[in-house]
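The values are calculated or read from the model by the stated rules, or taken from the named source; none is laboratory data. None of these values were measured; they are calculated from a predicted model. Glycine gets a Cβ as well: all are built from the backbone with ideal geometry, and neighbour counts include every protein chain shown.
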Amino acid sequence: MKILLITAFIQLLAIYSYSQNSLVNTNWKGQTDFRFEHPNFSGEWKLNESKSELGDFGSQLAVIKIKIDQYKDSITFTKTHPNEAISTETLSYDGKESVRSVSQGTAKRKSTAKWSEDGQSFIISFFIINSASGQRTITGIQTLSLKEGKLYVETSYSSPQQGDFIVKAVYDKQ
């Protein structure tokens, strides 16, 4: 009986130790790397045009490179756009609105983010407002997911000028 209790205790200790190690890790820079029950999008990603469905406007809108830093309470995207402009956006998981300037300061992008109900996709809702007129020019929903080591970003756009369209971009990890 004593041996059985000791064995059970050792197994519980091993499970606890494993779960603690899988939740928090320290990388080579000494930064804390939190492990999630959600997919980890962290890394540098490059657009794979041959696997993407860019449509009529996607080649102008699809980001060509994305660096993602995923943390316990937020996620940061550093994006290289087709015109080589670089933008950075940090979104919290609590739905708090993020606002940043776009189009050389002539518009503002307002975004909120959340995990999907199953926790396997990250959903960003956004709209772009023309700074001069105050009118919404684009409304969109972007969904990020990981499949077979690739980052899938599907964005549904709605615009008074271009109508409704979807861009499906696939990214390879670098």
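Brief remarks on what is shown
- Verdict on residue 131 being small (Gly, Ala, Ser) and surrounded by 15 or more Cβ atoms within 10 Å (Cβ to Cβ): no
- Any hit, the stretch 57-64, residues being within 14 Å of the chain's Cα centre (by Cα), closer than 15 Å to residue 142 by Cβ and at pLDDT 95 or above: no
- Here residue 85 meets each of (1) over 19 Å from residue 159 (Cα atoms); (2) in contact (Cβ under 8 Å) with a residue 12 or more places away in the chain with one exception, condition (2).
- The set of residues in the stretch 127-147 that are under 24 Å from residue 54 (Cβ atoms) and either touching a residue at least 40 places away in the same chain (Cβ under 8 Å) or over 13 Å from the mean Cα position of the chain (by Cα) (or both) comprises 127, 128, 136, 137, 138, 139, 140, 144, 145, 146, 147.
- Residues that are under 14 Å from residue 41 (Cα atoms) and exposed (fewer than 14 other Cβ atoms within 10 Å of the Cβ) are absent from the stretch 152-168.
- Each residue in the stretch 125-174 was checked for being at pLDDT 90 or above and of a type in the set (Val, Ile, Thr), and 8 pass.
- Criterion: out of contact with any helix residue (DSSP H, G or I) (no Cβ under 8 Å at 6 or more places or on another chain), of a type in the set (Ser, Thr, Tyr) and modelled with pLDDT of 95 or more - qualifying residue of 74, 42, 22: 42
- Tally of residues being among the hydrophobic types (A, V, I, L, M, F, W, C), touching a residue at least 24 places away in the same chain (Cβ under 8 Å) and either surrounded by fewer than 15 Cβ atoms within 10 Å (Cβ to Cβ) or under 21 Å from residue 151 (Cβ atoms) (or both) across the stretch 89-114: 2
- Annotation note: of 86, 64, the sole residue that is among the β-branched types (Val, Ile, Thr), surrounded by fewer than 16 Cβ atoms within 10 Å (Cβ to Cβ) and farther than 15 Å from residue 40 by Cα is 86.
- Residues located in the stretch 78-125, provided they are hydrophobic (A, V, I, L, M, F, W, C) and farther than 18 Å from residue 60 by Cα: 91, 99, 113, 115, 122, 123, 124
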